[in-house]
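J.: One structure, as C-alpha cells, below. Some questions next.
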Amino acid sequence: MWGNRGFTLFLGAQTLSVVGDSFSAAFGPAAAIAIDAGSFAVSAIGLCFVRPRARVTPAAPATAWRDFLVGARFLWRHPVLRALTVLLSFLTFVTYGLPDVLIYHLKHDLGQPDNVAGYVLAVATTGTVAAALLITPVRKTFGFGMAWIGSYALCGLAVFFLGLAPNVPMVAVLATAYLFSTGAAGISSMSLRQEVTPDHLLGRVTSAFWTVHSALGPLGAALLTWAASRYGVAAVCTVAGVGCLAIALSATATPVRRPRPELPDPA
C-alpha cells in the first residue's frame, strides 16, 4: 500500500516531529522555532544543488488552472474519492484548530507551563507513528470502509472527552488517540487515492484533493479557537467530537463504506 521509500520518509518525518516537540519542551518554543527556521534554510540551500534530468518549463497560469480542473473532475467522477473529499472538507473544518485548543486547555485551564505542552505534543505524536505501523494490517483485515470510518469515530470520542480531561496524563492519552485516529484515516485515504488514480493524473488529482478539502480549515481553526476562548474548551470539544462522530456515521451511507474500493465496483 505504501512504497518503502514513502513509508520510511513518513516515519522519519514523524520521528522528527517528536524530537521537535521534545526540544521545544526542553529549551522553549522560541529555540524550537529558530531550529525549524534554520532547517528550512538548509533545505533551500540543498535545493540549489539539485539538477533535474529534464528541462522543466513553468506552467502558464491558464495551464495550471486547467490541470486543477482535470484533477477536480477525476475526484468528482470517482464515487469514493468524491465522498471522501466532501467528508474531509467538513472534518478539516471541525478539527483543524484542535492543536491550538489542546495547547490552550493545557496552559489556560490546567495552568501548565510551555514545556509541559511540548512534552504532551511529543507523546501524542507517537500516535501517528503507531498508525503508520498498524493501518496496513488493519485495512487488510477489516477493509477500507471500516478502517476509515472507525478511525474517525475514535477521533470523535477522543475529541469529545479531551475538553473534559482533568489532568495532564489524561490529555496526553486522548491527544495520542486523536493523532492515531487521524493518522490512520489519513494514510488510508492517501493510499487509496494513489491506488485508484492513473500515474499521469496523480499530481493533478493530489493537488485538487488537498486544495478542496483544506479550503475550510483556516476558517474552522479561527472559529474553534475563538469559541474556546469565549465558551470554554469543554464546550468546543463536545461540539467538535459530536461533529466528527456525525460525519463518521454519515460515511456509512456513502461508497466510502466499501471494504475494497480500490477494486472495480461489481455494480
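The values are calculated or read from the model by the stated rules, or taken from the named source; none is laboratory data. The model shown is predicted, which means the values in this text are computed figures rather than measured ones. Neighbour counts are summed over all protein chains in view; Cβ atoms, including those assigned to glycine, are modelled from backbone coordinates with ideal geometry. When the accessible area is computed, the model is the full protein with side chains, heavy atoms only, and any ligands, DNA or RNA have been set aside. Shrake-Rupley method; radii C 1.70, N 1.55, O 1.52, S 1.80 Å.
J.: Determine whether the stretch 203-216 contains at least one residue that is without any contact (Cβ under 8 Å) to a residue 40 or more places away in the chain and of a type in the set (Ser, Thr, Tyr).
T.: Within the stretch 203-216, none of the residues are without any contact (Cβ under 8 Å) to a residue 40 or more places away in the chain and of a type in the set (Ser, Thr, Tyr).
J.: Please determine, by comparing only the residues of the stretch 173-196 that are in contact (Cβ under 8 Å) with a residue 40 or more places away in the chain and aliphatic (A, V, I, L, M), which one is farthest from Phe93 (Cα to Cα).
T.: Residue satisfying both the conditions and the ranking: Val196.
J.: Being in contact (Cβ under 8 Å) with a residue 60 or more places away in the chain, within 27 Å of Leu69 (Cβ to Cβ) and of a type in the set (A, V, I, L, M), is that true of even one residue in the stretch 228-243?
T.: There is no residue in the stretch 228-243 that is in contact (Cβ under 8 Å) with a residue 60 or more places away in the chain, within 27 Å of Leu69 (Cβ to Cβ) and of a type in the set (A, V, I, L, M).
J.: Just to be sure before I move on: is Leu249 open to solvent by 80 Å² or more (accessible area, probe 1.4 Å), in contact with a Phe, Trp or Tyr (Cβ under 8 Å, 6 or more places away or on another chain) and outside any loop (DSSP other than H, G, I, E, B) in the structure I sent? Working first, answer last.
T.: Working: open to solvent by 80 Å² or more (accessible area, probe 1.4 Å): yes; in contact with a Phe, Trp or Tyr (Cβ under 8 Å, 6 or more places away or on another chain): no; outside any loop (DSSP other than H, G, I, E, B): yes.
The answer is no for Leu249.
Yes/no per residue for (1) over 14 Å from the mean Cα position of the chain (by Cα); (2) of a type in the set (A, V, I, L, M); (3) surrounded by 19 or more Cβ atoms within 10 Å (Cβ to Cβ):
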position: Ile187; (1), (2), (3): no, yes, yes
position: Glu195; (1), (2), (3): yes, no, no
position: Pro198; (1), (2), (3): yes, no, no
position: Val236; (1), (2), (3): yes, yes, yes
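J.: Go through the stretch 109-122 and give me each residue that's in contact (Cβ under 8 Å) with a residue 60 or more places away in the chain and either acidic (Asp, Glu) or open to solvent by 50 Å² or more (accessible area, probe 1.4 Å) (or both).
T.: Listed by number, the residues that qualify are Asp109, Asp114, Asn115, Tyr119.
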